[in-house]
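Reviewing the structure listed below.
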Amino acid sequence: MFPEYCSQFPELGFYGLPGHTRTPRDILAQVQDAEALGIGNVMISERVDYKEIGAICGAVAAVTQEIFIGTSATNLNKRHPTVTASLGSTLNRLSEGRFALGLAKGNRNRWQSMGLDHPTFAREREFIKLMRRLWKGETISDYDGALGRYPTLSMPAYVDEDIPILYVGFGPKTLEHAGTVYDGTHLHTFMSDQALSNAVASVRQGEAQAGRPPGTVKNWSVLATACDVSEEKYLKYIIARLATYLQFPNYGEMLVAINGWDQEVLQRFRSHPAVTSVGGLIDSVATTAQMAEVAKLIPEEWKPAAVGNAKQCAQRWVDQFTAGADGIIIHASTPEEVAPVIAEYKKIRPTELFADRTNRPV
């Protein structure tokens, strides 16, 4: 139905509008720069201020020709199932077959504060089954299951879409579950190479449990990249982003655990005045001076990222494939900022790994 899209680097993606933004229109130049550089994917996260995922993905589809567009991520809680199905089918047609739906669990406390149920494995499985059926124009009557009760869930019979569904997360149990039902995964920023290898192993274990062939699920490493940046940008791109993850209860503990870091260091970090005085999420409201103080609290080994000159960053990209990744989502920097890294990466790219790859991320 739709053509196959294959950029020069289908194994590379980038995070559009990384972190906090008040100027969502910036995404338009970012994706056009990415296409010009040969990047095959853009993944877009969601926040409740200026990053509504459907609006942004639609804008991206309108100004691009071949880059694949994914949500990384939205959540099954946020919309009625048929609304999410319609979002997917609309974006897939708008982009002419270049859309992927990425789902994340989110924070349990947040869902409770909103009066919504936390996405359990059972709810995820049911939701994915429903999406795939609705995208084939099915009608489901008298649904009574893990997602609730619905007299009718339906899309018109002429709807016929093949949309990849990706899991966005990093916990071992959730990744094992992802291997049983998802088409691909986006892992997490600031995972060591060993943590990345462990994550891929968890997905492969899930594949085996479900009787799926090894390699069915494509795993994307999300790697913060800061090439020849100023100290101010380093603080923003690396320190503020990592520090914000560490601020979140349970979330920070999981990131520390999968990397084998010290939980006591995390607790000292959270209780330190340099953190508590910020008064909000560090990547949203901290000043440069505050970020500099926060940086002193984070051990060097807690910053697995691509930092340095273009050659050093390109080698870190290749390291992700050695650790087991099928693709890389470049985080923190814009495509324009990583153009020198791409030039160096081209020289050492393990091309044999990407034979017959397309921009479709699974």
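The values are calculated or read from the model by the stated rules, or taken from the named source; none is laboratory data. Model, not experiment: these values are computed from the prediction. Please note: Cβ atoms are built from the backbone with ideal geometry, for glycine as well, and neighbour counts cover all protein chains shown.
One table, with the values for the structure above:
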quantity	calculated
Residue 142 of a type in the set (Asp, Glu), touching a residue at least 12 places away in the same chain (Cβ under 8 Å), surrounded by fewer than 21 Cβ atoms within 10 Å (Cβ to Cβ) and over 30 Å from residue 259 (Cα atoms)	no
Some residue of the range 135-142 being in contact with a Leu (Cβ under 9 Å, 6 or more places away or on another chain), closer than 22 Å to residue 53 by Cβ and outside any loop (DSSP other than H, G, I, E, B)	no
Wholly enclosed helices (runs of 4 or more DSSP H) of the range 50-116 bearing at least 1 residues within 16 Å of the chain's Cα centre (by Cα) and assigned by TED's automatic domain parsing to the domain that holds residue 150	53-63
Residue under evaluation residue 93, criteria (1) among the basic types (Lys, Arg); (2) closer than 26 Å to residue 22 by Cβ; (3) modelled with pLDDT of 95 or more, criterion not met	(2)
Residue that is farthest from residue 215 (Cα to Cα), among those in the range 145-172 that are of a type in the set (D, E, K, R) and touching a residue at least 12 places away in the same chain (Cβ under 8 Å)	160
Criterion: outside the structural domain of residue 262 (by TED's automatic domain parsing), out of contact with any Gly (no Cβ under 8 Å at 6 or more places or on another chain), farther than 20 Å from residue 27 by Cβ and not in a helix (DSSP H, G or I) - qualifying residue of 325, 314	325
Residue check, residue 81 at pLDDT below 95, in contact with a strand residue (DSSP E or B) (Cβ under 9 Å, 6 or more places away or on another chain) and not polar (S, T, N, Q)	no
Selected residue (only one of 325, 274, 289, 305 is surrounded by fewer than 17 Cβ atoms within 10 Å (Cβ to Cβ) and either under 26 Å from residue 204 (Cβ atoms) or of a type in the set (A, V, I, L, M, F, W, C) (or both))	289
Unique match (being touching a residue at least 24 places away in the same chain (Cβ under 8 Å), polar (S, T, N, Q) and either touching a strand residue (DSSP E or B) at 6+ places or on another chain (Cβ under 9 Å) or on the phi < 0 side of the Ramachandran plot (or both)) among 322, 276	322
Number of the condition not met by residue 229 [criteria: (1) outside any loop (DSSP other than H, G, I, E, B); (2) in contact (Cβ under 8 Å) with a residue 12 or more places away in the chain; (3) touching a Ser or Thr at 6+ places or on another chain (Cβ under 9 Å)]	(1)
Those residues of the range 236-266 which are within 21 Å of residue 175 (Cβ to Cβ), within 19 Å of the chain's Cα centre (by Cα) and among the aromatic types (Phe, Trp, Tyr), in sequence order	245, 248, 251
Tally, over the range 183-195, of residues that are over 21 Å from residue 239 (Cβ atoms) and either within 14 Å of the chain's Cα centre (by Cα) or not assigned by TED's automatic domain parsing to the domain that holds residue 42 (or both)	4
